[in-house]
Amino acid sequence: MTTVVTGGAGFLGSHLCESLLGDGETVVCFDNLGSGRRTNVAPFEDLDRFTFVEGDVRADLATELDRGGVPVSDVDRIYHLASRASPVDFGEHPQEILETNSIGTRNVLELAADVDASVLYASTSEVYGDPEETPQTLEYNGNVDCRGERACYDEAKRFGETLCVTYEDRHGVDVRTVRIFNTYGPRMRPDDGRVVPTFVRQVLDGSDLTVYGDGTQTRSFLYVDDLVCGFRRMMERPGLAGDVVNLGHTNEITINELATTIAELSAGDSGVVYEPLPEDDPQRRQPDLSRTRELLDWEPTVTLEAGIERTIAHFRENELDA
């Protein structure tokens, strides 16, 4: 079994590579290192079953893999995780994000069609925009501003899902889609811009925590190990071609509560400073997991406190000078 993970050197991708390798699979990590980091996969590079290929999904994927010494005819599964996902990147790299989730996704699906590989497409809760209903069900079509600052990511992921449906319908590609809700854990970049690494970095630096808006907006935070488990069940269970599920935690908390939790678990004495809320920042996020439970028999297992403690420990050991 040869599995390609696009975006494999990123936060999520590196954890997925580690899980697959742990079960004896042959893994190809494909990444342009735009937001991924080679250090994330350095512990695996001496394994015979691991290959790192530096390349871009916006180029011809078969050619890129061949250049890296990977026979495309050997590819059985593709986890398509490639894309910048940090809010900071929405303003700095909008065209790259749009092209990765359109041209890049098409290239992944074309390769899958050519070699009869299965695909897992990493979509996002951002397809729901600033939702007008909670929890967000798979049937909810979202409230997205197609001209807003977040549109490069929100709309590109929505388009990517439509591409997946089209290739499943027209070309018979076995493609499954997961909509990822807020996920955190070790290997997140300190400058990622998302709330957990930002708070952890600030509290370990002795800085005040920056809360945008009044802090009453909510999120549901999933630890990365639980997400990877969901990824693999979605890919590996038979009969799920064309299906889509939400992957996230149902424990909805305010950003103020998250700030308090991180400060307490780090034994820090940081205060909180409030800044204006960014454009189109969603007020509530909580997944409906009815379909996920039905198809995958999956539930989050790591508590917020346990996951934050592991994340803080990782940052203390690896990221304070980053």
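The values are calculated or read from the model by the stated rules, or taken from the named source; none is laboratory data. No experiment lies behind these values; they were computed from the predicted model shown. Here the Cβ positions follow ideal geometry from the backbone for every residue, glycine too, while neighbour counts run over all protein chains shown.
Residue check, residue 58 against (1) at pLDDT below 95; (2) in a loop (DSSP other than H, G, I, E, B); (3) not polar (S, T, N, Q), all met but one. Which one?
The single condition residue 58 does not satisfy is (1).
The conditions are (1) at pLDDT below 95; (2) of a type in the set (Ser, Thr, Tyr); (3) surrounded by fewer than 17 Cβ atoms within 10 Å (Cβ to Cβ), and residue 86 fails exactly one of them. Which is it?
Result: residue 86 passes all but (3).
Quick test of your reading of the structure: residue 264 fulfils all but one of (1) within 23 Å of the chain's Cα centre (by Cα); (2) of a type in the set (D, E, K, R); (3) part of a helix (DSSP H, G or I). Name the failing condition by number.
Here residue 264 meets the rest and fails (1).
Taking residue 124 as meeting all but one of (1) of a type in the set (Val, Ile, Thr); (2) within 30 Å of residue 317 (Cβ to Cβ); (3) over 21 Å from the mean Cα position of the chain (by Cα), write down the number of the exception.
Residue 124 satisfies every listed condition except (3).
What pairs come out if I take residues in the range 88-102 that are part of a helix (DSSP H, G or I) and pair them with residues that are surrounded by fewer than 18 Cβ atoms within 10 Å (Cβ to Cβ) and among the aromatic types (Phe, Trp, Tyr) whose C-beta lies under 9 Å away, six or more apart or interchain?
Going by the 9 Å Cβ cut-off, the qualifying pairs are 98/159; 101/159; 102/159.
Any idea which residue in the range 233-258 is farthest from the chain's Cα centre (by Cα), counting only those that are surrounded by fewer than 16 Cβ atoms within 10 Å (Cβ to Cβ) and in a helix (DSSP H, G or I)?
Checking each candidate, the answer is 257.
Residue 294 passes all but one of (1) without any contact (Cβ under 8 Å) to a residue 12 or more places away in the chain; (2) touching a His at 6+ places or on another chain (Cβ under 8 Å); which number fails?
(2)
Name every residue in the range 1-23 that is surrounded by 23 or more Cβ atoms within 10 Å (Cβ to Cβ), farther than 11 Å from residue 44 by Cβ and over 15 Å from the mean Cα position of the chain (by Cα), in order of residue number.
Matches in the range 1-23: 3, 4.
Would you confirm, using the coordinates I've provided, whether residue 293 is part of a helix (DSSP H, G or I) and surrounded by fewer than 21 Cβ atoms within 10 Å (Cβ to Cβ)?
Values: part of a helix (DSSP H, G or I): yes; surrounded by fewer than 21 Cβ atoms within 10 Å (Cβ to Cβ): yes.
Judged against the criteria, residue 293 is a match.
Select from the range 24-60 the residues that are farther than 24 Å from residue 103 by Cβ and acidic (Asp, Glu) and write down the one among them that is surrounded by the most Cβ atoms within 10 Å (Cβ to Cβ).
25
Only one of (1) out of contact with any Phe, Trp or Tyr (no Cβ under 9 Å at 6 or more places or on another chain); (2) surrounded by 21 or more Cβ atoms within 10 Å (Cβ to Cβ); (3) not aromatic (Phe, Trp, Tyr) is not met by residue 206, so which one is it?
With (1) out of contact with any Phe, Trp or Tyr (no Cβ under 9 Å at 6 or more places or on another chain); (2) surrounded by 21 or more Cβ atoms within 10 Å (Cβ to Cβ); (3) not aromatic (Phe, Trp, Tyr) applied to residue 206, the lone miss is (2).
What residue, of 114, 76, is surrounded by fewer than 19 Cβ atoms within 10 Å (Cβ to Cβ), modelled with pLDDT of 95 or more and assigned to a strand (DSSP E or B)? Lay out the reasoning, then the answer.
Details: 114 fails: assigned to a strand (DSSP E or B).
Going through 114, 76 in turn, just one is surrounded by fewer than 19 Cβ atoms within 10 Å (Cβ to Cβ), modelled with pLDDT of 95 or more and assigned to a strand (DSSP E or B): 76.
Out of 302, 273, which single residue is under 20 Å from the mean Cα position of the chain (by Cα) and touching a residue at least 40 places away in the same chain (Cβ under 8 Å)? Write out each step before concluding.
Values: 273 fails: under 20 Å from the mean Cα position of the chain (by Cα).
Testing whether each residue is under 20 Å from the mean Cα position of the chain (by Cα) and touching a residue at least 40 places away in the same chain (Cβ under 8 Å) leaves just 302.
Determine which member of the set 268, 230, 242 is in contact (Cβ under 8 Å) with a residue 24 or more places away in the chain and on the phi > 0 side of the Ramachandran plot. Reasoning before the result, please.
On the way: 268 fails: on the phi > 0 side of the Ramachandran plot; 230 fails: on the phi > 0 side of the Ramachandran plot.
From the options 268, 230, 242, the qualifying one is 242.
Against the definition (surrounded by 18 or more Cβ atoms within 10 Å (Cβ to Cβ) and closer than 21 Å to residue 131 by Cβ), how does residue 278 come out, yes or no? Give the derivation first.
On the way: surrounded by 18 or more Cβ atoms within 10 Å (Cβ to Cβ): no; closer than 21 Å to residue 131 by Cβ: yes.
So residue 278 fails the test.
Considering only the range 164-195, state which residues are crowded, with 21+ Cβ neighbours inside 10 Å, aliphatic (A, V, I, L, M) and either in a helix (DSSP H, G or I) or touching a Lys or Arg at 6+ places or on another chain (Cβ under 8 Å) (or both).
188, 195 - these are the residues of the range 164-195 that are crowded, with 21+ Cβ neighbours inside 10 Å, aliphatic (A, V, I, L, M) and either in a helix (DSSP H, G or I) or touching a Lys or Arg at 6+ places or on another chain (Cβ under 8 Å) (or both).
Based on this model, can you work out whether residue 56 counts as without any contact (Cβ under 8 Å) to a residue 24 or more places away in the chain and not hydrophobic (A, V, I, L, M, F, W, C)? Spell out how you get there, then give the answer.
On the way: without any contact (Cβ under 8 Å) to a residue 24 or more places away in the chain: no; not hydrophobic (A, V, I, L, M, F, W, C): yes.
So residue 56 does not fit the description; no.
Just to be sure, is residue 102 in the same structural domain as residue 240 (by TED's automatic domain parsing) and either within 26 Å of residue 233 (Cβ to Cβ) or of a type outside the set (S, T, N, Q) (or both)? Break it down into steps so the answer makes sense when it comes.
Numbers: in the same structural domain as residue 240 (by TED's automatic domain parsing): yes; either within 26 Å of residue 233 (Cβ to Cβ) or of a type outside the set (S, T, N, Q) (or both): no.
No: the conditions fail for residue 102.
Here is a check on your reading of the model: is residue 138 touching a helix residue (DSSP H, G or I) at 6+ places or on another chain (Cβ under 9 Å), part of a loop (DSSP other than H, G, I, E, B) and within 29 Å of residue 306 (Cβ to Cβ)?
Details: touching a helix residue (DSSP H, G or I) at 6+ places or on another chain (Cβ under 9 Å): yes; part of a loop (DSSP other than H, G, I, E, B): yes; within 29 Å of residue 306 (Cβ to Cβ): yes.
Yes, satisfied.
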